[in-house]
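Here the structure is laid out as structure tokens; the discussion comes afterwards.
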Amino acid sequence: QTRTITGRVSSPENEDMPGVSILIKGSNTGTVTTANGTYQLAVPAKSTLVFSFIGYKTMDVAVGDQTTLDVRLVADLTNLDEVVVTANAIVREKKELGYAVSTVGGSELVKARDPNLLNSLAGRVAGVRITQQSGSVGGSSRVVIRGANSLSSASEPLFVVDGIPISNSSFNNSETDIVTGGVDVGNRASDLNPDDIEAMTVLKGAAASALYGSRARNGVIVVTTKRGKVGSKKMNITLNTSYRTDNVLKVPDLQTDYAQGNLGVYNPRLGNGWGPKISSITGPVLDYKGEQVQSLTAHPQNWKNFFVTGNTMINSIAIDGASDQGDYRVGYTNLRQTGTVPGSELTRNTFAINAGRKITSRLLSRAWLNYVRTTSDGRPQQGSNTTNIIGTILAGTPVTVDINELRNNLFAPATQSVPAGWTGDLARAIDLDGIQNNPYFVTTFNKFSNTVDRVYGGTSLSYDVAPWLNLTGRVGTDFFTENRRSTTRRGTRGRLNGQFDTNDIFERELQTDLLGTVTRQLSTDWTFKGIVGHQFNQRTIRRSRVLSDGLNIDQLYTFANAQSNVASNFYSRREIYGLYGDFSFDYKNYLFLNVTGRNDWSSTLPVDNNSYFYPSASASFVLTEAFPNLGIVHKDILSYAKLRANYANVGSDEDPYQLAFTYNPLTQASDIYTFNILYPIGGASAFGATNVLPPTNLRPQQQTSYEFGAELKFFGGRLGLDMTYYKTFNYDQIISIAVPQSTGYSARRLNVGELSNKGIEAMLTVTPLKTRSGFRWDAALNFNRNVNRVESLAPGLTEFVTTSGDGFGIFVVAKPGETFNIQGVGWLRDPNGNIVINPSTGLRTPGPRRLLGSIYPDWTMGISNSVSYKGFDFSFLIDIRKGGVINSQTVGIVRSGGLAAETAINNRTPFIDPGVIRNADGSYRPNDVPVASVQQYWSQLDNSVSPETNTFDGSFTKLREVRLAYNFPRALVGKTPFSNISLGVEGRNLWIIHSNVPHIDPEANVLGTGLIGEGLERGSIPSSRSIGANLRLAF
Amino acid sequence: FRNSDINIDPNRSTSVDPALLFSGASTQFSLLRVGELTWPIALMNQMWASGGRWGLEQAKYDQTRVRSAWGRTYTDVLKNLNVAIEVAQKAQPVNKNAVAQCKIMMAFAFAQTSLLWGDIPFSEAATGTVDLPKFDKQVDVLTGSIAMLDEAIGLIDPNAKGIIAPNDLYYGGDMTKWRKFANSLKLRIMFSMVDADPTKSTAIGQLITSGNMIASSADAMQFKYYNQPGRQNPRFSFTAIFRGGVQSDWYCSKVVYNLLASLNDPRIPYFYQPGPAAGANEFVALNSVETYTDKSALVNINLLKPDLPEVSFSYSEQLLLEAEAIARGFVTGSSFDMATQRFRAGVKESLLSLGLPTAQTDTYVAGLPALTAANYKTVLAQQQYLDLFMRPIEGWVQNRRSGTIGQEIPAMTTPAGAPVSGLVRRLLYRSEEINSNPNTPTGLAVDTPLWFDK
């Protein structure tokens, strides 16, 4: 006697639970819930239903005489069955893994929306450090997992989407470009659309990723995109709309009393604050425009008035569905963003298709494709360039200049310095001498614009030859073109004749995989799974660039309109063939062993030495399953315990074309003032021999790593601890070691140097409060301490400059026994460390160059708390960094220019700088000589004299994220055409709770993601505080 | 990947014509002379005044502004010339003239580098074969440069082709002129040595007697710039880029101005322009620590024109050196009459090259005192210094060799606030070299004299 029973399955938060499998206990009959979480099933009398779903406790519910049975699932915090997508899109149970992984679900990523997906990861995963480089629209974010692994390149992880590697390049990595005013062009991983992402898995160590090849040695971020899901209807429609606003978080704190000038004498020709008190200026004087005025007025809000509120709109629609024959999903997302710098904007359109179909019961095909088009305009320049740097212009704008006046008057009046014979429009300057441009002239006319057209995707065929043997073939590609143009209008101060720079970039990666998977039950206790595969990977880069100078007709940016066009182009291709194997043994579902091996043949290494093998081994032991009745610890106390360990070795190749002695066609000759002489000159073209001596007997680079970890859950999962200890050694690095320039070369390429990282990652999760009414409070703390150390360099080499910020007076250097440090001229000190003061001036004296501090933090921590109750979900995330330094040139500029608030204290009365004076006999006495003038004191603290004073402890505590989400109750939703409505409000980067750096956000970095080196700031666009709301509707 | 061309660089070449290396090396060398080695040196040695602009304060003897010249001279100039010589020597037949042209440029660059820094890598430098080149004594560098010039002169065949136009940016392949320059350069180097090594006087005498040196303004060694974007004289670009074409960086230095004024020299308005708030002929000079005002006189914008050539060796310089050789009795059969004649011809050439009218020039030259045993040291050195006004590298050498320490002409005093008690007498070795080459001499102060500076 059967009858039909209906019901609804909901989550602990009372959300609909689609796809929950329901089985009549003791039978093979069952069903799954629909998209609304409802089900209908014919059941015999006195039966029991088994409800199961990954991540939730399996529930047995006896069916009495009722005809409806609603079930609310309980989360299984022990996550015993959690699955993880690992290398090559292979899905594994987390408990099998002998290494640490972290997964962030797609729903987490879209709650607090940041146009750059990476920023959403900040503070969430132990051992993963995400640093937003600037507040520029479309700005880049640096990702470092477990510390730097290379002396010669930024240790960025590999990004893999659905098994295919994708580019995270930045193409912004010329030091000269950055020093003289590069824009933050963003990093290409920001093309990933959060709406299309099912989950992101961070594989932190090399063991996790030996199968991806060498690039995985810096860790891998594995992205799985969404697929169609089974629902009650043939198709599910999800709409999502979100809006957010951005405002600059922190601008320099400026003085409001002093006009421009020199030593208290007013001078409108200067862009600073070293003049007299504004209130003391009476009678007719010239203002910065050259007009006679009776008095001057202070405009203290210039910075705040300059920046505007940025807006971001993200709208997306996704349609998906599935049947037992196949699944499909189509998504479209539109993102429109305007930045905090006037005139900066970004638009991104993303189309995603993912479809799978069973051709026969054993042959499965799948294809997926993403098309992303990103256009941006008006990204501001940063760095030291005098013509285009908003930060530099603002940082030199006298208090007497009204920025609102500049906004409405872009062009110079006749009374301001106009070069002899100049006709046409000319930028108004902020000084009578006409040196620094009106920032609005720059934002209006001098635009950096770019367009990226990108396609990535792949196709796969999977065939079950036998129940125990599967063959899969996969081909994937990622390619994009990026067209950039930056213009400088005629009449721009410092670039009077105008110029433009056209840069076309093409990058393509192609990868094929062919793999066979064998799964065999060896005995009742042992299961074996083996994968053998072949991989081919090819990467191509093509660039062409034209620098056009001297425009005949204003604002016509064509090559023919330029008096000079200098073209350069670049092409590179590299290939790798790899063979790999991955063998896993499972003993009684609690002991797991895994060994992998891979051999690569790389095109970039010497033909006789281009093959290298690298192995890994890992083990996982689930203690609580091996000894279910641990005598001492009751199951209710220690619910789950797993130990894991692994070892991995990774070999790797190097950049292409590094082996031969070559001659380079030259486009220009230059000196430090960058007034480049362009070739051909006088009809002569030019070549130069390479400045890097090519290597002999090059070997592959090597990395060896160890990792030990434990995962413990107590009290049924209310308390969890996941700890990892790791050690990574990088050796035989292929780097260009500086040789004395007197050899005629600047560097020699060779295998040299060892770099290690040792660290601890810990993740503590607690559920302090949980009530039957559905109230729940979860807290999580993740912690990472990484000790990076340069173990050795080439014999006799005492330091290695990884990045030269020479124009900034600073270098990022690697020294044996140290980590990467900022180095620069320090103040002269006595043997006790006191600053030595020059008795004739009362000022400090520059001393020798010294290390000013590590660029890496001592430790980082993220603390998140979330509280949920009846559809409400409130959470916040605090991000903490301790240690490391940042050198801020902006601070130096506003101080040496007499604009910073601290330069005006005490009415600029000369004071005694604490320090010592050297006596004639070599002893020291406390300084008793006041500074010659306050202006000279602060001017001397400029980076060009010594960066020491502008180098600060980079520790910070930030309120990174706050969000409140509300899932409308069923009762309300039922009256609408929708099946689900959720609303969220979020704020990001809200508050710098603690920082030791004045005037700026300590997170800025002008070097971008392509160079080794952090903690250098100059004219960086201030970071944003964002507040937004999100509405999600499902039909 | 065996037999595959995948790792063959499509962006660069594995063979090259030495002419292309030569044009690159000479352009880079000229750019350094007229750019990076102009501003800091002209200010440090008080030829120009900074007026407190640009952080290029004279009193700081700020050498962070000479950042790339050391490295680029070795890697982009000397190394490429060396490689060009290797390629030219492998040609069939050997391109002897090209080898000669490269060697002359190498000698020029080595001598210049030594006269700025003192002891420098020479015998083991710029070859890529010695990892840690030793620092040769200045006397050996200068002697070696002369020997290199002799080798080059021996290779020259005026009837054969070497590196020609457009890649020879100095003489368009005219080997006769290259030989003249090589001899004149030998003369200049020997003069820089003669105070420390008096035996050079004989060699100087012989050199002048045998002639074959720069003998007209058409023979002058100069690198041309053009009024086209990217081909302009960088001194113009500096003002154009940083100041919108308004000269407001390089001020009139009291040392030079006072000398001109004491000589009643008509070059004042050619060297300088009055400040924006000054009267028509009001030239207000600055000392090495004074801050500029609206009235401060500036280096004349006409000397910063886009198409002015960079002068490596001028005819006036040649004539004045000859006058000095004769006056000092290095040349057999010399007389002060002869010296005076060369001296006046040299000064005349100097004024004419600035564009002064012939009549005014003649009047001034006629009014110059005849050289005598008593006055020649001062009178000649004054004119030699003024002749090198826009050439701070040579001007600095001239000033340092014009008298014993403290007795230079014109006399200069240490700026208040200078980090050392004396005048700046050398450039300091760059950290790139110090950090990678343990042979780099240490413990040298900015005012430690070089070997030649007696």
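Computed from the coordinates by the stated procedures, all read-outs in this text should not be read as laboratory data. Keep in mind that this is a model prediction, so the values were computed, not measured. Note: ideal-geometry Cβ built from the backbone for every residue, glycine included; neighbour counts use all protein chains shown.
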### Message
Please give the Cα centre distance for the stretch A:895-941 versus the stretch A:521-565, rounded to the nearest Å.
### Response
52
### Task
Could you line up B:W451, A:W368 from fewest to most neighbouring Cβ atoms inside 10 Å?
B:W451, A:W368
### Query
In whole percent, what relative contact order does chain A give with Cα contacts below 8 Å and a gap of six or more residues?
12
### Task
Normalising by the residue count of the stretch A:565-686, find the relative contact order in percent from Cα pairs under 8 Å and 6+ residues apart.
21
### Task
Please work out the Cα convex hull volume for the stretch A:2-72 and give it in Å³ per residue.
76
### chymotrypsin sites (Phe, Trp or Tyr not before Pro) restricted to DSSP loop in the stretch A:736-792 with at most 13 other C-beta within 10 Å
A:F775
### Query
What ³J(HN,Hα) values, in whole Hz, does the Karplus curve 6.51 cos²θ - 1.76 cosθ + 1.60 give for the stretch A:870-879 when θ = phi - 60°, with x put for Gly and Pro?
6, x, 8, 9, 10, 8, 8, 10, 10, 10
#### Entry: Cα-based radius of gyration of the stretch A:529-600 once divided by 2.2 N^0.38 Å, which approximates compact folds
2.38
### Summary
Label model pair A:L764, A:S840: point-to-point distance (7 angstrom along the Cα→beta-carbon line) in nm is 6.0
### Message
Under the rule of at least 5 residues apart or a separate chain, name every residue whose amide H is placed under 5 Å from the amide H of B:A278.
### Response
none
### Query
How big is the antiparallel share of DSSP beta bridges in the protein assembly as shown, given as a percent to the nearest 5?
95
### Message
What whole-number distance in Å separates the alpha-carbon centres of the stretch B:315-345 and the stretch B:40-88?
### Response
32
## Note on the structure
Assertion target for A:D600, A:D257, A:D655, ordered by fewest C-beta neighbours within 10 angstrom first, is A:D655, A:D257, A:D600
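Which of the peptides A:215-227, A:872-884 is most tightly packed, and how do the rest follow, going by the mean number of other Cβ atoms within 10 Å of each residue?
A:215-227, A:872-884
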### Pairwise label distance in nanometres, B:S262 with A:R542, each label 7 Å out on the Cα-Cβ vector
6.9
### Task
Return the lysines within reach of A:K758: Cα separation strictly under 28 angstrom, same-chain partners fewer than 8 residues apart disregarded; answer none if there are no such residues.
A:K94, A:K95, A:K204, A:K642, A:K713, A:K727, A:K815, A:K882, A:K958
### Summary
Under Stokes-Einstein, the stretch A:367-475 at 25 °C and 0.890 mPa s, with its Kirkwood radius over C-alpha pairs, diffuses with a coefficient in µm²/s of 135
### Query
Taking every residue in A:651-657, how many Cβ atoms of other protein chains lie within 10 Å of its Cβ, on average?
2
### Summary
Distance in Å, no decimals, from the C-alpha centre of the stretch A:438-473 to the one of the stretch A:584-617 is 28
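Determine the shape class of the stretch B:174-250: with a ≥ b ≥ c the square roots of the Cα gyration tensor eigenvalues, call it rounded for a/c under 1.5, and otherwise prolate if a/b is greater than b/c, oblate otherwise.
Oblate.
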### Task
List the pair-distance distribution P(r) of the stretch A:458-607, using every Cα-Cα distance, as the percent of pairs falling in each 10 Å bin from 0 up to the bin containing the longest distance, rounded to whole percents.
10, 22, 19, 15, 13, 10, 8, 3, 0
## Note on the structure
Contact order relative to length for the stretch A:901-952, counting C-alpha pairs under 8 Å separated by 6 or more residues, stands in percent at 29
### Ranked B:E433, B:E86, criterion: other C-beta atoms within 10 Å, fewest first
B:E86, B:E433
### Query
Which whole-Hz ³J(HN,Hα) couplings does the stretch A:338-346 yield from phi under the Karplus relation 6.51 cos²θ - 1.76 cosθ + 1.60, θ = phi - 60°, glycine and proline marked x?
10, x, 7, 8, x, x, 9, 8, 8
### Query
With θ set to phi - 60° and the Karplus curve 6.51 cos²θ - 1.76 cosθ + 1.60, what are the ³J(HN,Hα) couplings of the stretch A:690-700 in order, to the nearest whole Hz, using x for Gly and Pro?
3, 9, 10, 5, x, x, 10, 6, 5, 10, x
### Summary
Averaged over residues of B:78-89, the number of beta carbons from other chains lying within 10 Å of each residue's Cβ is 3
### Query
Mean projection of the alpha-carbon convex hull of the stretch B:302-408 over all orientations, in nm²?
7.3
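Of all the Cα-Cα pairs you can form in chain B, what percent are over 41 Å apart?
15
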### Query
Give me the log10 of I(q) over I(0) for the protein assembly as shown at q = 0.09 Å⁻¹, as the Debye formula computes it from C-alpha points; what are the numbers?
-1.29
### Spin-label model distance (nm) - A:A45 vs B:A91, 7 Å beyond Cα toward Cβ
11.0
### Message
Taking 45 Å as R0, compute the FRET efficiency from the Cβ-Cβ separation of A:Q66 and A:L1031 and round it to 0.05.
### Response
0.80
## Note on the structure
Counting other chain Cβ atoms within 10 Å of each Cβ in B:436-445 and taking the mean gives 3
### Query
Out of every Cα pair in the stretch B:234-304, what percent are spaced more than 16 Å from each other?
46
